[in-house]
Structures are given as C-alpha cells and as structure tokens.
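The values are calculated or read from the model by the stated rules, or taken from the named source; none is laboratory data. Predicted model only: the values in this text are computed from it and were never measured. Cβ atoms come from the backbone with ideal geometry, glycine included; neighbour counts cover every protein chain shown.
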Amino acid sequence: MLESGDPAPSISAQNQHGETITPDFEGPTVVYFYPKDFTGGCTIEANDFQDALPEFRESGITVYGVSLDDVETHADFAEEEGVEFDLLADPEGEVAAAFGLDTSEGYTDRLTFVVDGEVVRVYDPELADPAGHAREVLTDTREEYLAGE
C-alpha cells in the first residue's frame, strides 16, 4: 500500500457518468476507497463526503470515491444518494492496484488517501465509524494547506 511520501500514481477510470477521468493529483486531492455501493458504512461515508463537498471545493480540494463497482452501479448509487463528486468505477481493480490495495476478496478495504503530487496522508477509517470521516479529512487537509500559506 502507498504511504506518505510515495509518488502519486497515474490512474484513469470512468466515473458514474461514463466519462473517463484522469486526475493529475496536483493540488490537494482526496481519494477514498470503499468496499461497495449501497452498503451501510459506504453509504454513510458517501453522504458525509457529499455533505462536506461545498467546503472541500471552497478549499480547493478535489474528492474522488473509488470502489470495484461498475459504472452503472455507481450511476444508480450516485443518483439515489445525491452524490455529485466523481465515483470512479474500478471493476478490474487497476486503480486499487495503483494505490497498492488488495482486491482478492472482490472489494477493497476502506482507506482514504490525501494526494498532492505525492501521498500526503493515509487514513484507515476501518478503525472508526465512517460517520464523521469526511469532516476529519477536511479539517486535517485544510490545516495542512493553510499552515503552508
């Protein structure tokens, strides 16, 4: 798994709209991996990121959610939950592999990376309730970047 200080990987995947997204990872970016659309913790986490999305955007922080679900499942999930940020479909596990995540069980663990040219921070929200995770990431990332100004 990638750790703080590792170079940001090059990735490309389709979002819930079928558009190919190739993040450049220049500027603060949150990439959160979650096991599966429409499951309890994953829905809570997506809703938390969506609720905080205006503040992420206002702070210049891009957010991507990634799971092994396909484009159609992401589209249904995004529509049902009102998710406006890109959910990257990774059915072959290529994005997960670029971040060094295991997909052997057919899903990834819940992990969040903050990237800005390199991996800045890694969170393991499996150690806590997914509720509130987005706010923690937002607060930490804002502090990191405001301190650097």
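The condition of being more than 17 Å from residue 20 (Cα to Cα) and of a type in the set (Asp, Glu) holds for only one of 76, 70, that being 76.
Remark: pairs (first residue in region 37-65, touching a residue at least 40 places away in the same chain (Cβ under 8 Å) and in a helix (DSSP H, G or I); second residue surrounded by 14 or more Cβ atoms within 10 Å (Cβ to Cβ) and of a type in the set (S, T, N, Q); Cβ separation under 8 Å; 6+ apart in sequence or on different chains) = 42/67; 56/62.
Contact map, region 86-101: first residue within 14 Å of residue 34 (Cβ to Cβ) and modelled with pLDDT of 95 or more, second residue surrounded by 20 or more Cβ atoms within 10 Å (Cβ to Cβ) and among the charged types (D, E, K, R), Cβ cut-off under 7 Å, separation 6 or more or different chains; pairs are 89/69; 96/90.
Of the set (1) under 13 Å from the mean Cα position of the chain (by Cα); (2) at pLDDT 95 or above, all apply to residue 110 but (2).
Of everything listed in (1) outside any loop (DSSP other than H, G, I, E, B); (2) under 13 Å from the mean Cα position of the chain (by Cα); (3) within 23 Å of residue 107 (Cβ to Cβ), the single unmet condition for residue 23 is (1).
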